[in-house]
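The values are calculated or read from the model by the stated rules, or taken from the named source; none is laboratory data. Bear in mind the structure is a predicted one, so any value in this text is a computation, not a measurement. Cβ coordinates were reconstructed from backbone atoms using ideal geometry, including for glycine residues, and neighbour counts include every protein chain displayed.
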Amino acid sequence: MEVTVNKTRLSLVQGDITKQATDAIVNAANSSLMGGGGVDGAIHRAGGPAILDECKQIVSKQGRLPAGKAVITTGGNLRARHVIHTVGPVWHGGNQGESDLLASAYRESLKLAVAHGLKSMSFPSISTGAYGYPVRQAAEIALRTVVDFLRQEQPLAEVVFVLFDAESYQVYAQALKALTGKNN
């Protein structure tokens, strides 16, 4: 599924984010930036030790990365030149600022891509794995945040949401259709 927002192609695909050839892929990291399970572990494994080395340097300079913030490293052995690491919120029922933190994780990742002159980036579904964020709510926040950002900014040519499974893809497709009124 694909739509255009202010000259930026926004698309949804089902697949493996570590295989994306966009300028950057976004890692749903934990605050230690040391790798872990799910998307985070897959990116660290596929990208090799250069990513972890840069993450260690970042943490030694600034400490753990808080939820809603983002940093950028090399892509190591990935097809993407860069990895933008962001920490999404852990779901605690939705009344502890989770939606604001999730929106911030997407917004900060987009700002970092623009600041580094990148033209394309790929997002996973942040916080919907081990952090337990319900996919439907997460999809609405993610897509609304990205679409709002793209309506104000024009430097990105492409933003891709890479959804790991068919169920997540369908939820994101429904949310994108509801948000944009487009059905393709």
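Hand me the list of strands (runs of 3 or more DSSP E) wholly inside segment 1-72 holding 3 or more residues that are touching a residue at least 24 places away in the same chain (Cβ under 8 Å) and farther than 17 Å from Glu108 by Cβ. Spell out the reasoning first.
Working: elements: 2-5, 8-14, 24-29.
Output list reads 2-5, 8-14.
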Task: Filtered residues of segment 139-173 (kept if more than 24 Å from Lys119 (Cα to Cα) and touching a residue at least 12 places away in the same chain (Cβ under 8 Å)) - done: Asp165, Ala166, Glu167, Ser168, Val171
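Go through segment 175-184 and give me each residue that's among the polar types (S, T, N, Q) and in contact (Cβ under 8 Å) with a residue 12 or more places away in the chain.
Of the residues in segment 175-184, the ones among the polar types (S, T, N, Q) are 180, 183-184.
Scanning segment 175-184 gives Thr180, Asn184.
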- [ ] Examine segment 7-27 for a residue that is touching a Pro at 6+ places or on another chain (Cβ under 7 Å) and surrounded by fewer than 22 Cβ atoms within 10 Å (Cβ to Cβ), and state whether such a residue exists.
- [x] no
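Just to check your reading of the model, which residue among Ile141, Ile72 is in contact with a His (Cβ under 7 Å, 6 or more places away or on another chain), of a type in the set (Val, Ile, Thr), under 26 Å from Lys7 (Cβ atoms) and modelled with pLDDT of 95 or more?
Values: Ile141 fails: in contact with a His (Cβ under 7 Å, 6 or more places away or on another chain).
Just a single option satisfies the conditions, and that option is Ile72.
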Task: Ile126 touching a Gly at 6+ places or on another chain (Cβ under 7 Å), touching a residue at least 60 places away in the same chain (Cβ under 8 Å) and buried (at least 21 other Cβ atoms within 10 Å of the Cβ) - done: yes
TODO: Answer with yes or no whether Ser60 is at pLDDT 95 or above and touching a Lys or Arg at 6+ places or on another chain (Cβ under 7 Å).
DONE: no
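Yes or no, residue by residue, for (1) at pLDDT 95 or above; (2) in a helix (DSSP H, G or I); (3) surrounded by fewer than 17 Cβ atoms within 10 Å (Cβ to Cβ):
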site	(1), (2), (3)
Val90	yes, no, yes
Gly93	yes, no, yes
Gln137	yes, yes, no
Asp148	yes, yes, yes
Pro155	no, no, yes
Open item on the list: For segment 106-135, give me each residue that is of a type in the set (Val, Ile, Thr) and outside any loop (DSSP other than H, G, I, E, B).
Closed with: Val114, Val135
- [ ] Assess whether Ala103 counts as being at pLDDT 95 or above, in a loop (DSSP other than H, G, I, E, B) and not acidic (Asp, Glu).
- [x] no
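Can you confirm whether Arg107 is in contact with a Ser or Thr (Cβ under 7 Å, 6 or more places away or on another chain) and surrounded by fewer than 21 Cβ atoms within 10 Å (Cβ to Cβ)?
It is true that Arg107 is in contact with a Ser or Thr (Cβ under 7 Å, 6 or more places away or on another chain) and surrounded by fewer than 21 Cβ atoms within 10 Å (Cβ to Cβ).
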